[in-house]
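A.B. asks: I have a structure here, written as structure tokens, and I will follow up with some questions on it.
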Amino acid sequence: MTGAEYDAILVLDFGGQYCHLIGRRIRENGVYSEIASHDIKPEEIKALSEKLNIKGVILSGGPASVFDENAPKPDIHIFDLDLPILGLCYGHQYIAKFFGGEVKQAKRREYGPAYVTIEKPVGVLEGLSKKEKVWMSHGDTVFYVPRELEVLAYTRNCPVAAFKHRTRPIYGLQWHPEVAHTVNGMQMIRNFIFKVCGCSAKWRMEDVVEKMVNEVKNEVGHGKAIIALSGGIDSSVATAVAAKALGDKLTAVFVDHGFMRDKEPEFVKSTFEKLGINLVVVNAQNRFFEKLKGVIDPEAKRKIIGEEFIRVFEEVAEKIGAEYLIQGTIYPDRIESGFKKFSDKIKTHHNVAGLPTRIRFKKIVEPLRDLYKDEVRKVAQILGLPKEIVFRQPFPGPGLAVRVIGEVTREKIEIVKRADRIVRDEIEKSGLKDRLWQYFAVLMDTKSTGVKGDARAYGYVVAIRAVESREAMTASFARIPFSILERIATKITNEIPQVVRVVYDVTHKPPATIEWE
Ligand code: XMP
């Protein structure tokens, strides 16, 4: 769906958790970005250039040290391609070392905000002030670069915090311009893509929507297609795109596993029926509760739910006789399940756990495969989806089952469902909703002593989680006023007899994740 009409930047992935953020920041500026494996060959870049107008390359950060024996390395011939190159963090260290600079392991890992002194505000650093607040996260440090490279900035701990090649458009930044904590990071990225690489901003969502609809039409032709609709933003948008292309040749299947939020199945049903989309709702609650009996391990729970989901879906697909499968896979899902070798797996995300295996589809069509989450939101708006879908908070595929710690039972799901309803209602009433990425309740697997109506009560503990985030890769716990937390706690303990205690989660991601399991 991309074509040479867009200028593009290639981001080589060295396993950094911020790699997608780099891609996102570029696209926010109207320039297409594609993530590629760190060891992509120059010939492959040339081949990609037939499809994409590649104007520059960014080497991302990553967890490795340039001294590790197995450290990921780029193909050094990419330096002969005559494309501008920007190295960030690990990429910065790699380029410095490649040109003969001195990189050493620092005594202490530097992690967090730092003030950098910019000596020469040129190229990537054009227009910036003498002192800039940036975000650092590194162990290795560049201490010296040869004459070929020129130092542009330094900090107390980093004598070479930024450099530029004297004659070629090659730059390195030790810090992360892509994260919001680097105050003028966006300007640094804009400098690279527009000033250094000379890109034009031509990546427009309206054109993208038209292309996606045409692509689905062409791929499916006169055949029948099916899609698993969860009511989340990705599958909802993929359904809307596919319905626009295929009309009643599309069937959307909503599998109710029993772990949905309060009134969710009804909401999805009425929304999509109103849009005139063929929808089959399957109540599969008994099957899921049965499969999860006695299962405690979070990864096992996720796996069982993912597999059972596929079984249910396959049964419906077989009945309908659809030859094509539409999926709401988005860009980060596709990349994560592709070439990632150097980053750790944190948890198995349900929607990318696997494809139906028993059914042979003629083809799997993934219209959103090149889009990031907020681009998907833009598409939703362009297609006129209701704002409850466009702006709904993300909800994990395994649903409330991963918000009940330990074994999932009907009673526990009922408790967490009621607590979640209260959290949502109170946050929404308070006007805090738009500031928050997610806000929800989690049911602990421990019990605690309390006192209800003058009597000892021994019951469940509910944790409230509310976070601010831009793309879920990092998140901060939200500083919700105590008065609102107090109201939530009072309501939960008053209205849900089994709960005696409510706690608030004050951990950022990292080190915690957003969901508890
Ligand atoms: P974590 O808990 O890893 O979550 O910080 C990051 C974001 O992903 C959501 N999440 C999921 N989304 N399928 C999904 O579609 C899943 O299995 C899943 N697990 C977590 C989570 O709610 C947060 O927004």
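A.B. asks: Taking the condition of being closer than 18 Å to Val390 by Cα, more than 25 Å from the chain's Cα centre (by Cα) and of a type in the set (Val, Ile, Thr), how many residues in region 240-278 meet it?
C.D. replies: So the count comes out to 2.
A.B. asks: Among Tyr460, Tyr372, which is over 22 Å from Glu266 (Cα atoms) and away from the ligand (no atom under 16 Å from the Cβ)?
C.D. replies: Details: Tyr372 fails: away from the ligand (no atom under 16 Å from the Cβ).
Going through Tyr460, Tyr372 in turn, the sole match is Tyr460.
A.B. asks: Look at region 423-442 and say how many of its residues are within 16 Å of the ligand (Cβ to nearest atom) and within 19 Å of Ile492 (Cβ to Cβ). Please lay out each step first, then the result.
C.D. replies: Going through region 423-442, the residues within 16 Å of the ligand (Cβ to nearest atom) turn out to be 423-424, 427, 433, 435-442.
If we keep only those that are within 19 Å of Ile492 (Cβ to Cβ) as well, we get 423-424, 427, 433, 436, 438-442.
Count: 10.
A.B. asks: Of Leu48, Leu83, which residue is over 22 Å from Gly172 (Cβ atoms) and in contact (Cβ under 8 Å) with a residue 12 or more places away in the chain?
C.D. replies: Numbers: Leu83 fails: over 22 Å from Gly172 (Cβ atoms).
Answer to the selection: Leu48.
A.B. asks: Here is a follow-up. Among the residues of region 384-398, is there at least one that is assigned to a strand (DSSP E or B), touching a residue at least 40 places away in the same chain (Cβ under 8 Å), touching an Asp or Glu at 6+ places or on another chain (Cβ under 9 Å) and crowded, with 22+ Cβ neighbours inside 10 Å? First the steps, then the outcome.
C.D. replies: Taking region 384-398 as the starting set, the residues that turn out to be assigned to a strand (DSSP E or B) are none.
Within region 384-398, none of the residues are assigned to a strand (DSSP E or B), touching a residue at least 40 places away in the same chain (Cβ under 8 Å), touching an Asp or Glu at 6+ places or on another chain (Cβ under 9 Å) and crowded, with 22+ Cβ neighbours inside 10 Å.
A.B. asks: Still on this model: I'd like the residue in region 482-507 that is under 30 Å from the mean Cα position of the chain (by Cα) and in contact (Cβ under 8 Å) with a residue 40 or more places away in the chain and, out of all such residues, is nearest to the ligand (Cβ to nearest atom).
C.D. replies: By that ranking, first place goes to Asp505.
A.B. asks: Determine which single condition Ala252 fails, assuming it passes every other condition in (1) under 16 Å from Val281 (Cα atoms); (2) surrounded by fewer than 24 Cβ atoms within 10 Å (Cβ to Cβ); (3) more than 16 Å from the ligand (Cβ to nearest atom).
C.D. replies: So Ala252 meets the others, but not (2).
A.B. asks: Tally up the residues in region 36-53 that are surrounded by fewer than 22 Cβ atoms within 10 Å (Cβ to Cβ) and either basic (Lys, Arg) or not in a helix (DSSP H, G or I) (or both), please.
C.D. replies: The total comes to 9.
A.B. asks: Can you find a residue that is in contact (Cβ under 8 Å) with a residue 12 or more places away in the chain, closer than 25 Å to Glu28 by Cβ, of a type in the set (D, E, K, R) and touching a Lys or Arg at 6+ places or on another chain (Cβ under 9 Å) anywhere in region 117-136?
C.D. replies: yes
A.B. asks: Another question about this same structure. Would you confirm, using the coordinates I've provided, whether Ile193 is touching a residue at least 24 places away in the same chain (Cβ under 8 Å) and either under 26 Å from the mean Cα position of the chain (by Cα) or closer than 30 Å to Lys249 by Cβ (or both)? Let's see the steps before the verdict.
C.D. replies: On the way: touching a residue at least 24 places away in the same chain (Cβ under 8 Å): yes; either under 26 Å from the mean Cα position of the chain (by Cα) or closer than 30 Å to Lys249 by Cβ (or both): yes.
Against the criterion (touching a residue at least 24 places away in the same chain (Cβ under 8 Å) and either under 26 Å from the mean Cα position of the chain (by Cα) or closer than 30 Å to Lys249 by Cβ (or both)), Ile193 qualifies.
A.B. asks: Looking at region 178-191, which of its residues are part of a helix (DSSP H, G or I) and in contact with a Gly (Cβ under 7 Å, 6 or more places away or on another chain)?
C.D. replies: Taking region 178-191 as the starting set, the residues that turn out to be part of a helix (DSSP H, G or I) are 185-191.
Gln187, Asn191, listed by residue number.
A.B. asks: Tell me, please, whether a residue that is touching a His at 6+ places or on another chain (Cβ under 8 Å) and either at pLDDT 95 or above or away from the ligand (no atom under 14 Å from the Cβ) (or both) can be found in region 399-411.
C.D. replies: Our first condition is that a residue be touching a His at 6+ places or on another chain (Cβ under 8 Å); within region 399-411, this holds for 399, 401.
With either at pLDDT 95 or above or away from the ligand (no atom under 14 Å from the Cβ) (or both) added as a condition, the list becomes 399, 401.
The answer is yes, given that some residue of region 399-411 is touching a His at 6+ places or on another chain (Cβ under 8 Å) and either at pLDDT 95 or above or away from the ligand (no atom under 14 Å from the Cβ) (or both).
A.B. asks: Out of the residues in region 112-142 meeting the condition of being of a type in the set (A, V, I, L, M) and outside any strand (DSSP E or B), tell me which one is nearest to Tyr94 (Cα to Cα). It would help to see each step written out before you state the result.
C.D. replies: Taking region 112-142 as the starting set, the residues that turn out to be of a type in the set (A, V, I, L, M) are 114, 116, 118, 122, 124-125, 128, 134, 136, 142.
Among the residues that remain, those that are also outside any strand (DSSP E or B) are: 122, 124-125, 128.
Details: Val122: 21, Val124: 18, Leu125: 20, Leu128: 25 Å.
Out of the qualifying residues, it is Val124.
The values are calculated or read from the model by the stated rules, or taken from the named source; none is laboratory data. Predicted model, so just to flag it, every value in this text is computed and none were measured. Note that we place each Cβ from the backbone using ideal geometry, even for glycine, and neighbour counts take in every protein chain shown.
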